[in-house]
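This report refers to the structure that appears directly beneath it.
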Amino acid sequence: MPDHIDITKVRNDTPGTREVIHLNNAGAALMPKPVIDATIGHLQLEAMIGGYEAADQAEAQIEGTYRSIGRLIGAAPDEIAVVENATRAFDMAFYAIPFQPGDRILTSMAEYASNVISYYQVAKKTGAVVEVVPNDESGQLSVGALREMIDERVKLIALSHIPTSGGLVQPAAEIGKVAQEAGVLYLLDACQSVGQLPVDVNEIGCDMLSATSRKFLRGPRGVGFLYVRKELAQQLEPPFLDLQAATWTSLDDYEIRPDTRRFENWEANIAGKIGMGVAAEYAMEIGIEAGWARVQQLADGLRQRIDAIPGCAVHDLGATRCGIVSFAVDGYDPEDVMQRLAEHRINVRTSTVFSTRFDMTARGIDHLVRASVHYYNTEDELDQTAEVLASIVKARA
Ligand SMILES: Cc1ncc(COP(=O)(O)O)c(C=O)c1O
């Protein structure tokens, strides 16, 4: 595996880098050419010979996606389901768990809104309870507190590896140890981590993991995947079944597939599925470790630049920090900062309390700017971003 990134090559592979300074990789990263070509190529084939016929012709490539995603996260191809996005992946696993009154669901302070909404919906319906594990002094989930909260009523530990809104990386493998020692199910939302840093389901010790294609993996939109450990997949009944997930075996009965594809449904974005597989191969070819080292270096550099501007403050938490940099500019609404940067073709986004209410409420924040780097960004791009931010601050003074 390469130990450094050939930045000229990856930028040549990425046409979008000639158009914009893209610091919205936590939203959707810029796709590299092999992904663009594979995705568009399949759409063109569909247009020329028909969608079903194109899928027949591309069967080997489609199957290849399961192998590539499996290899990326240390899973077998039949432990992967390809679905529409990370939320659908997470929900298919979460809603399959048979909760009883009094069962406890443990989650983190930095939890993503859609996950929390599903916890509370299930809690309301089943009598399960949702409990938030407190943070340690670094701002990550306290593994000690988690261990103390474990009892025989804990049914599930579920959390986001990296939150939507900041640089925190949760100690996923340490959490996995606690889950395994306690024999508790562990569902990891790896939406922001897959493609950004090494994610191995065996090292992490999770039973289920959800992720998306379009973010740090650099695949197309509208596709994601779910990993469920083989033996567990056979025990979990998906909340929805169709003729992909099950076979209609007699007039009044059906049989559910034995593998993780029981969480899929039949109609799918085939071009996206192929594109996601190519994105996984591309990520492994570039080198996940090398990409992660560069992402951390660039993000730390961006944090330093932002903190050096009077009136700007970084708000990231955690002992290990990733490519997401969250910050505020005194006297400016984060939306205005985003717009001003956009005028210079610099893409950032904002995060609000509606996406991470536990965390932002505890910190008394309701809105931040979110800049997220990938390995294809450059120091020069960060200098330009810092310059524009400094000019915004100056214009107000
Ligand atoms: C932490 C986290 N989990 C889950 C999701 C949902 O992913 P998707 O939009 O692919 O459903 C997001 C999206 O921003 C996220 O940031």
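The values are calculated or read from the model by the stated rules, or taken from the named source; none is laboratory data. Since the model is a prediction, treat every value here as computed from it, not as a measurement. Cβ placement follows ideal geometry from the backbone for every residue including glycine, while neighbour counts extend to all protein chains displayed. We work out accessible area using only protein heavy atoms, side chains counted, and drop any ligands, DNA or RNA first. Shrake-Rupley method; radii C 1.70, N 1.55, O 1.52, S 1.80 Å.
Some notes on this structure:
- For segment 117-151, a residue qualifies if it is within 16 Å of the ligand (Cβ to nearest atom), touching a Ser or Thr at 6+ places or on another chain (Cβ under 7 Å) and touching a residue at least 60 places away in the same chain (Cβ under 8 Å), and exactly one does: Val132.
- Close pairs from segment 316-331: first within 14 Å of Leu168 (Cβ to Cβ) and crowded, with 19+ Cβ neighbours inside 10 Å, partner modelled with pLDDT of 95 or more and of a type in the set (D, E, K, R), Cβ under 6 Å, at least 6 apart: Val325/Arg303; Ser326/Asp316; Ser326/Arg370
- Failed condition for Glu285, given (1) over 21 Å from Val369 (Cβ atoms); (2) outside any helix (DSSP H, G or I); (3) not small (Gly, Ala, Ser): (2)
- Options Ser355, Ser391; residue that is more than 22 Å from Ile162 (Cβ to Cβ) and open to solvent by 20 Å² or more (accessible area, probe 1.4 Å): Ser391
- Val133, sole failed condition from (1) under 13 Å from Phe358 (Cα atoms); (2) open to solvent by less than 40 Å² (accessible area, probe 1.4 Å); (3) touching a Phe, Trp or Tyr at 6+ places or on another chain (Cβ under 9 Å); (4) among the hydrophobic types (A, V, I, L, M, F, W, C): (3)
- Ser210 within 14 Å of the ligand (Cβ to nearest atom), hydroxyl-bearing (Ser, Thr, Tyr) and either open to solvent by 10 Å² or more (accessible area, probe 1.4 Å) or under 18 Å from Asp78 (Cα atoms) (or both): yes
- One residue alone among Leu187, Leu232, Leu217 is in a strand (DSSP E or B) and either of a type outside the set (Gly, Ala, Ser) or within 15 Å of Ser68 (Cα to Cα) (or both), and that residue is Leu187.
- Just one of (1) among the charged types (D, E, K, R); (2) more than 24 Å from Ala211 (Cβ to Cβ); (3) part of a loop (DSSP other than H, G, I, E, B) fails for Glu267. It is (2).
- Filtered by the rule that a residue be out of contact with any Ser or Thr (no Cβ under 7 Å at 6 or more places or on another chain), under 21 Å from Cys191 (Cβ atoms) and of a type in the set (A, V, I, L, M, F, W, C), segment 247-301 gives Phe263, Ala268, Val278, Ala283, Met284, Ile286, Ile288, Trp292, Val295, Leu298, Ala299.
- Ala113 within 16 Å of the ligand (Cβ to nearest atom), touching a Cys at 6+ places or on another chain (Cβ under 9 Å) and closer than 30 Å to Ile150 by Cα: no
- Any chance Gly364 is of a type outside the set (A, V, I, L, M) and either within 15 Å of the ligand (Cβ to nearest atom) or out of contact with any strand residue (DSSP E or B) (no Cβ under 8 Å at 6 or more places or on another chain) (or both): yes
- Any helices (runs of 4 or more DSSP H) falling wholly within segment 289-397 and containing at least 2 residues that are within 20 Å of Asn135 (Cβ to Cβ): 357-363
- Applying the criterion of at least 1 residues that are farther than 30 Å from Ile286 by Cβ and of a type outside the set (Gly, Ala, Ser) to the strands (runs of 3 or more DSSP E) found wholly in segment 54-166 leaves 104-108, 129-133, 154-160.
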